[in-house]
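The values are calculated or read from the model by the stated rules, or taken from the named source; none is laboratory data. Being a predicted model, the structure only gives us computed values, none of them experimental. Here the Cβ is made from the backbone with ideal geometry for all residues, glycine too, and neighbour counts use every protein chain on show. With ligands, DNA and RNA removed, areas are computed over all heavy atoms of the protein, side chains included. Shrake-Rupley method; radii C 1.70, N 1.55, O 1.52, S 1.80 Å.
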Amino acid sequence: MYHRRTSVKGPSAPTQIYQQPPRLLIMHIALPSWADICSNLCEALQNFFSLACSLMGPSRMSLFSLYMVRNQHECVLPFVQVKGNFARLQACISELRMLQREGCFRPQGASLQMAVEDGLQQFKQYSRHVTTGAALTYTSLEITVLTSQPGKEVVKQLEEGLKDTDLVRVRRLQVVEITKGVLEGMDSASPVEEPSNDESSILGTDIDLQTIDNDIVSMEIFFKAWLHNSGTDQEHMHLLLPSRSYSSTSRARDNPMCLKCDLQERLLSPSLLPGTADGSLRMDDPKGDFSTLYQMASQSSASPYKLRVIKALKSSGVCESLTYGLPFILRPTSCWQLDWDELETNQQHFHALCHSLLKREWLLLAKGEPLSGGHSMREPASIFYVILPSRSPTLLVKAVATRELMLPSPFPLLPEDLPDDSLKIVESTLDSLELEPTYNPLQVWSHLYSHLSSASVKPQGRLHPSWESRALRKHPCKAGQLQMNRVRATVAPLTMTPAPGKAHKMLAASKASSEAFFQLSMEEEAEEEEYLSGP
């Protein structure tokens with residue numbers, strides 16, 4: 001979200017702004033319920049990855065791995081880089097679509113536990129074998145279990161099965177229950193439900209339980225939350241309000257009320273999509289669109305970015321044409337370094353500010369930190385922002401124009417007397433339009449997913465031409481089997497508990513086999529990336 005200033009001259013190294021942890025997704029599959037969710041889930045995954053793999057700029061997702069648990073656990077996709085790797089991810093989703101949908105079986109509890117342990121072990125092995133130049137930013141893993149079974153039962157299975165497992169490398173473990181309901185009106189943009197206090201006390205604090213509806217939109221929104229910056233090491237921004245004394249003394253000005261906030265994007269910038277007009281710009285260059293979330297974060301040093309409120313405005317007194325750039329959201333921080341009392345007080349003050357602004361129908365005008373690059377200036381240049389309240393416990397922030405950026409607009413006022421014939425014609429045309437009370441973006445399709453999917457997959461050649469050809473030369477009769485198992489063949493199996501007399505020998509053999517598997521997997525991934533980036 002933000003990074004430190006450096007004094008190094010010349011081109012700066014790319015910085016990790018959206019530092020997302022590696023993610024392991026475990027599909028907890030049971031029949032016959034899998035038949036009800038398979039189509040929606042696979043479509044949502046394909047839509048999400050067509051977007052996540054195509055976004056320009058700093059990578060928002062690092063590593064991703066996919067497991068499925070049926071009668072036993074199985075690795076469908078070992079850890080791979082997400083950005084630019086849509087072809088491989090799409091192949092795995094296609095494999096999910098072909099899974100058995102008829103019959104009846106329930107996954108064994110031990111299989112789910114072993115999938116978590118195996119995925120964690122694979123991540124540790126990947127971390128050891130990754131090259132120095134591509135060192136992992138995160139050393140911990142986020143694990144998500146998607147299930148159609150009752151969520152509380154799955155949580156209890158995991159708590160019981162993993163009680164003796166070392167989870168120090170697990171940043172977060174969550175169970176997501178896919179309910180049988182369908183989002184009828186698609187009016188909600190937040191299908192994820194947080195557990196109540198009673199649920200939290202029952203489930204404990206180590207495993208999160210959430211629910212989502214069994215429809216494509218709800219699942220897409222859940223996966224898109226992975227694109228947000230979820231770091232809690234430091235608050236992102238300080239919103240400084242004038243002192244409660246409203247005094248003009250220097251002491252009051254030096255001690256403003258400080259609300260500690262986290263930043264969150266409201267929308268993805270279209271300029272991050274391939275093929276856009278300004279797609280050739282370096283999106284990791286902070287000299288780009290300085291009204292975006294990235295620019296505000298990029299100028300931040302070790303301390304959070306500061307927005308200083310300078311005055312209030314009537315909400316009806318700001319013309320929409322004076323705001324520009326993508327908006328972003330402020331919410332109370334969840335920084336773990338703050339104590340509970342400070343977090344609670346900060347949240348209460350933040351909510352009170354939202355409520356008071358709504359009640360008064362006010363906006364806030366705020367001044368950002370000085371822009372870099374100016375020298376020997378008595379008053380450094382800054383960007384100004386308007387802060388809008390909402391019915392949710394968030395504030396919407398947008399850049400607003402200043403005198404220096406205004407262009408002349410010599411347009412006269414609209415005339416009051418218009419010809420009756422023209423009015424009748426235009427009003428008749430408007431009456432023929434369908435009128436909606438609100439704009440709901442979830443009901444508007446731009447066919448962007450299909451466009452990105454087709455643009456991300458090259459039609460010629462195979463996904464893994466080099467190692468597929470090597471295997472086919474050795475076993476030409478197993479071409480069909482290889483196509484189905486090409487991903488799983490690169491994954492070392494979870495070590496089983498040996499008999500006491502054979503423990504030492506099996507441990508050494510397992511270690512050698514694991515290292516050989518992962519060396520082969522990384523070589524194949526390098527060949528794939530070279531192939532996909534070729535002409």
Once fully extended, how much extra length lies between LEU267 and GLN210, figured as 0.36 nm per residue of separation less the alpha-carbon to alpha-carbon distance? 18.2 nm
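Taking the Cβ-Cβ separation of ASP164 and LEU358 as r and a Förster radius of 41 Å, what is the calculated FRET efficiency to the nearest 0.05? If you can, show how the numbers build up before the last one.
Values: r = 51 Å, r/R0 = 1.24.
About 0.20, to the nearest 0.05.
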TRP226 - accessible surface, heavy atoms, 1.4 Å probe, Å² rounded to 10: 10 Å²
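Around GLU117, what is the net charge, scoring Lys/Arg as +1 and Asp/Glu as -1 over all other residues with Cβ under 11 Å from its Cβ?
Working: positive: LYS124; negative: ASP118, ASP164, ASP166.
Net charge in that neighbourhood comes out at -2.
Using a 1.4 angstrom probe, figure out how much accessible area the range 16-72 has per residue, in square angstrom, rounded to the nearest whole. Working shown, then result.
Numbers: 1300 Å² over 57 residues.
That works out to 23 Å² per residue.
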So for the pair LYS367, SER321, with labels modelled 7 Å out along Cα→Cβ, what separation do we get in nm? 2.8 nm
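Assigning unit charges at the beta carbon (Lys, Arg +1; Asp, Glu -1) and nothing else, what dipole magnitude in debye, to the nearest 20, does the range 297-410 show about its Cα centre? All intermediate terms of the calculation are to be shown ahead of the outcome.
Details: 12 positive and 9 negative charges, 89 e Å.
Around 420 debye, computed over the range 297-410.
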Of all DSSP beta bridges with both partners in the range 24-95, the antiparallel percent, nearest 5, is 55 percent
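Do any trypsin sites (Lys or Arg not before Pro) in the range 374-415 lie in a loop, going by DSSP, with at most 14 other beta-carbon atoms within 10 Å of their beta carbon, and if so which? Before the final figure, lay out each step's value.
Numbers: sites: ARG378, ARG391, LYS398, ARG403; in loops: ARG378, ARG391.
When the trypsin sites (Lys or Arg not before Pro) of the range 374-415 are filtered for loop state and at most 14 Cβ neighbours within 10 Å, ARG378, ARG391 remain.
Can you tell me the dipole magnitude for the range 414-455 around its Cα centre, using point charges on the Cβ only (Lys, Arg +1; Asp, Glu -1), in Debye to the nearest 20?
460 debye
Keeping every protein chain in place, order ARG88, ARG308, ARG70 by accessible area at 1.4 Å, biggest value first, i.e. largest first. Mind dumping the intermediate values first?
Numbers: ARG88 10, ARG308 110, ARG70 65 Å².
Most to least solvent-accessible, the answer reads ARG308, ARG70, ARG88.
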Need one number: nm distance between label points at ARG403 and VAL457, each 7 Å from Cα along Cα→Cβ, rounded to one decimal. 5.8 nm
Under a 5 Å amide H to amide H cut-off, with H placed in plane at 1.01 Å, what residues pair with ALA381 once short-range neighbours are removed? LEU371
Selected from ILE387, GLN337, GLN348, residue furthest toward positive end of dipole (the range 329-398; charges at beta carbon): ILE387
Can you tally the net charge around ILE387? Count Lys and Arg as +1, Asp and Glu as -1, for every other residue whose Cβ sits under 12 Å from the Cβ of ILE387. +4
Segment LYS311-THR139, extension gain: residue separation times 0.36 nm, minus the distance between their alpha carbons: 57.5 nm
Low-density loop GluC sites (Glu not before Pro), the range 378-436, at most 12 other Cβ within 10 Å, DSSP non-H/G/I/E/B, are GLU416, GLU434
Work out the FRET efficiency for ARG128 and SER422 from their Cβ-Cβ distance, taking R0 = 60 Å, and round it to the nearest 0.05. 0.20
Measuring from label point to label point, each 7 Å out along Cα→Cβ, what is the TRP336 to ARG172 span in nm? 1.1 nm
